[in-house]
Structures are given as C-alpha cells and as structure tokens.
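One structure is given below, encoded as structure tokens.
The values are calculated or read from the model by the stated rules, or taken from the named source; none is laboratory data. Since this is a predicted model, take the numbers as computed values, not measurements. Cβ coordinates were reconstructed from backbone atoms using ideal geometry, including for glycine residues, and neighbour counts include every protein chain displayed.
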Amino acid sequence: MLESATLHIPGRFVSIDNSTETAPMGVKRVLVIGYSQSGQLSRIVARIVAPLLCDPHIQVHIETLKPNPPFAFPWSLRGFLDAFPESALQLPGALEPLSLSGDENFDLIILPYQVWFLAPSQPIVAFMHHPRARQLLAGKPIVTVIACRNMWLMAQEKMKCHIESVGARLIDNVVLTDNAHTLATLITTPLWVLSGNRQVLRSLPPAGVAEKDIEQATRFGHALRDALHGNREKQTAPLLSGLRAATVNPNLLVSEKTATRSFFIWGHLLHAAGPPGSAQRVPLLAIYSLFLVVMVATVVPLSLALQAALRPLLARRLGALKEKFEQPSGSASDRMSRYD
Ligand SMILES: Cc1cc2nc3c(=O)[nH]c(=O)nc-3n(C[C@H](O)[C@H](O)[C@H](O)COP(=O)(O)O)c2cc1C
C-alpha cells in the first residue's frame with residue numbers, strides 16, 4: 001500500500017517505506033540510502049524525494065545508515081580529529097543491521113553522502129563495503145547526492161570506484177555546497193560541526209548549504225519522476241542534465257590533490273599509532289592538528305593566490321578539468337525553467 005505522500009524530516013534521515021514487497025506492474029521502486037548528522041543532507045534528500053513520494057507510480061524506500069558506535073554531533077575536538085585516519089583511508093567501522101534483506105529489486109538508487117576529510121563519509125563507505133551493497137546495487141543506475149563544504153572532487157572519484165566495485169553504474173551526480181568564500185568556510189564549517197551552531201561568528205556567513213539551494217533541490221525530484229515515467233533510468237544518458245546539478249570550481253583541485261596526498265601519509269601514521277579512541281594516538285593527533293592549521297593558513301591561500309595569478313595561462317586546462325569533473329550531470333542550466 002502506498003502511504004501518504006508527504007515527507008517530513010525534521011532533523012535526521014528517517015526510515016520511510018511507502019513500498020510493498022513486490023511492486024505492481026508499471027510501478028517503479030527507488031531506494032534512498034544515507035546518513036546525516038545535522039540534518040542538512042536529509043533535508044536536501046527530503047526535497048528531492050518529495051515529488052517521487054507524491055507519485056502513485058513510484059515507491060520509495062528510505063534507509064538510514066546507523067554507525068555502530070554512533071558519531072556524536074556536535075563533535076568534540078578530539079572525536080573530530082580521531083575520525084580523520086579512518087575517514088581519509090576509507091576504513092570505516094561497523095553499521096547497525098539494515099532493514100533490507102538484499103533480495104529487493106530497485107529500479108533506481110539515490111546515494112546521498114557528505115564528505116569527511118576529502119573522502120565519502122565513514123557511514124556511506126561502510127555501506128559500500130557491506131555485502132548487501134552488491135546485492136542491492138549491482139547493475140542499477142545510481143544518483144549520488146553530495147552536500148559538503150566545497151571540497152568533493154576527490155571524494156567523488158573514490159565513490160566512483162566503490163560504485164564500480166559493486167557492479168553499479170553512476171548515472172547522475174548532484175552537488176550542493178556552501179557558497180561562502182573558501183577561506184571563510186574553512187573557519188565556519190569546523191565551528192559548526194564542533195558547536196552544532198551554524199553561525200558562531202556574526203562577522204562570517206552562516207555555515208552550510210544556503211536555504212534557497214536546499215529548497216530548489218526539488219527540481220531534481222521532478223526530473224527523476226519524469227525520467228522514471230519514461231523508463232529513461234534504463235538508458236545510459238544522465239537524467240539530471242541541464243539542471244545545474246554539479247558545478248566545479250577547478251581552482252580547488254590543486255588543494256584537494258595536495259591535501260589528499262598528505263592525508264594518505266598522516267592517515268597511515270595515525271592509524272598505525274593505535275585504534276580509534278586510543279590514548280596512543282593523542283600526541284600524534286595534537287601534532288597533526290597543528291600541521292593542519294598551518295596547512296590551511298598557508299598552503300590553501302598560497303595555492304589560490306598562485307592559481308589566480310596563473311589563471312590566464314591555465315584557463316584552457318582548468319576549463320577541461322571543470323568539464324571532466326562535472327560529468328555525468330554537468331553544470332548547464334537549459335532545463336531549469338521547466339523544473340523550477
Ligand atoms: C569530520 C568531518 C570532516 C569533513 N570534511 C569535509 C571535507 O573534506 N570537505 C568538505 O567539503 N566538507 C567536509 N565536511 C563537511 C561535511 O561534508 C558536511 O557538509 C557537514 O558535516 C554536514 O553534514 P550532515 O548532513 O551530516 O550534517 C566535514 C565534516 C565533518 C564532520
């Protein structure tokens with residue numbers, strides 16, 4: 001039986017299932033599987049799935065990932081730093097049992113995730129390593145939905161590998177980021193996740209994705225609904241092109257690549273020092289956090305300034321990189337008026 005079509009998600013992901021064991025002929029089944037701490041990502045997902053939930057020909061199952069042990073929100077400084085090695089190295093902990101048996105058959109999978117230390121967050125990586133992931137995802141079209149500060153390029157490259165390794169295919173990628181200046185978000189994002197308050201400093205913009213961008217994410221749901229009606233999820237072309245789904249700032253690529261290399265080395269050092277939460281890690285974590293602050297205060301602005309100076313020379317190369325990393329959905333906006 002289809003449930004009432006309205007979806008209210010006040011804070012976190014809630015498990016919603018308006019689907020039946022076997023969908024009647026002509027009814028499409030959509031799986032949404034993810035995790036959110038502050039509720040930012042779950043609110044974006046709520047906007048995207050609202051048009052699907054309203055449709056009698058579409059069944060939606062929303063599955064919440066529950067890390068075990070859970071990650072506290074807001075984070076303590078130690079907890080935040082302690083999550084770094086396993087996040088950067090993509091060695092996540094356990095998940096509580098899923099409500100899915102793995103035998104369900106979905107037509108489309110929506111995989112929302114946030115970025116932790118330039119990698120997909122630990123809960124979503126834990127799911128991608130879970131035996132059910134292959135059972136549920138193999139051969140299926142995947143729409144990734146990313147909400148993060150603004151550094152997601154390397155994380156999505158890693159996610160592409162996970163998607164490939166479970167035999168699924170990426171059909172679309174939607175990205176929502178904090179629109180404030182990069183240097184401001186380097187301060188506001190940590191303050192937000194460490195305090196739970198989006199605007200700790202009145203002199204800086206509030207952290208996170210703008211309310212207007214969250215509201216307008218409904219356009220992706222409308223486009224997915226139309227695509228499902230037309231069986232277009234079975235084809236290879238993206239379903240969300242022309243909707244400004246993913247806009248890349250190629251200037252951040254150099255910082256992301258440099259930081260990923262350093263995260264790899266530091267991640268291994270810290271992981272070798274002891275398991276998450278262990279006292280042996282503390283001295284190294286203290287040194288690492290100092291290193292991080294120095295990096296953020298020097299390398300990021302330097303690399304941005306250098307790139308600004310070299311922009312005329314690098315324009316063509318950066319343009320090509322922008323187009324490459326914006327695939328498959330792209331940043332074009334020619335279908336926006338139809339779905340706004
Ligand atoms: C431990 C941690 C690391 C993060 N690292 C990044 C990052 O590397 N790049 C980025 O753009 N955002 C990063 N963020 C911001 C998150 O991607 C996300 O926007 C924020 O945590 C809100 O997500 P939520 O929906 O789970 O509340 C990080 C957040 C946390 C808590």
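With the structure loaded, tell me whether residue 83 is under 21 Å from residue 194 (Cβ atoms) and either small (Gly, Ala, Ser) or touching a residue at least 24 places away in the same chain (Cβ under 8 Å) (or both) or whether it fails that test. Steps first, please.
Values: under 21 Å from residue 194 (Cβ atoms): yes; either small (Gly, Ala, Ser) or touching a residue at least 24 places away in the same chain (Cβ under 8 Å) (or both): yes.
Criteria met by residue 83.
Would you pick out the residues in segment 203-216 that are surrounded by 22 or more Cβ atoms within 10 Å (Cβ to Cβ) and touching a Leu at 6+ places or on another chain (Cβ under 9 Å)? Show your work before the answer.
Pass one, segment 203-216, residues surrounded by 22 or more Cβ atoms within 10 Å (Cβ to Cβ): 207-208.
Passing the criteria: only 207.
So which of 321, 292, 228, 284 ends up being closer than 16 Å to residue 175 by Cβ and surrounded by 14 or more Cβ atoms within 10 Å (Cβ to Cβ)?
Only one candidate qualifies: 321.
Mind checking whether some residue in segment 171-185 is out of contact with any Leu (no Cβ under 9 Å at 6 or more places or on another chain) and more than 16 Å from the ligand (Cβ to nearest atom)?
no
If residue 274 satisfies all but one of (1) closer than 27 Å to residue 322 by Cα; (2) of a type in the set (Gly, Ala, Ser); (3) in contact with a Lys or Arg (Cβ under 7 Å, 6 or more places away or on another chain), what's the number of the condition it fails?
(1)
Residue 203 fails exactly one of the following numbered conditions: (1) away from the ligand (no atom under 13 Å from the Cβ); (2) in a helix (DSSP H, G or I). What is the number of that condition?
(2)
If we only count helices (runs of 4 or more DSSP H) wholly inside segment 1-113, which ones have 3 or more residues that are at pLDDT 95 or above and either more than 11 Å from the ligand (Cβ to nearest atom) or surrounded by fewer than 19 Cβ atoms within 10 Å (Cβ to Cβ) (or both)?
Output list reads 40-53.
Here's a check for you: in segment 177-192, which residue that is outside any helix (DSSP H, G or I) and over 17 Å from the mean Cα position of the chain (by Cα) is surrounded by the most Cβ atoms within 10 Å (Cβ to Cβ)? It would help to see each step written out before you state the result.
As a first pass, look at segment 177-192 and keep what is outside any helix (DSSP H, G or I): 177-181.
Filter again for over 17 Å from the mean Cα position of the chain (by Cα), leaving 180-181.
Details: 180: 20, 181: 13.
Here the answer is 180.
Would you check which residues across segment 120-154 are assigned to a strand (DSSP E or B) and within 14 Å of the ligand (Cβ to nearest atom) and list them?
Residues of segment 120-154 assigned to a strand (DSSP E or B): 120, 141-148.
Those that are assigned to a strand (DSSP E or B) and within 14 Å of the ligand (Cβ to nearest atom): 120, 144, 145, 146, 147, 148.
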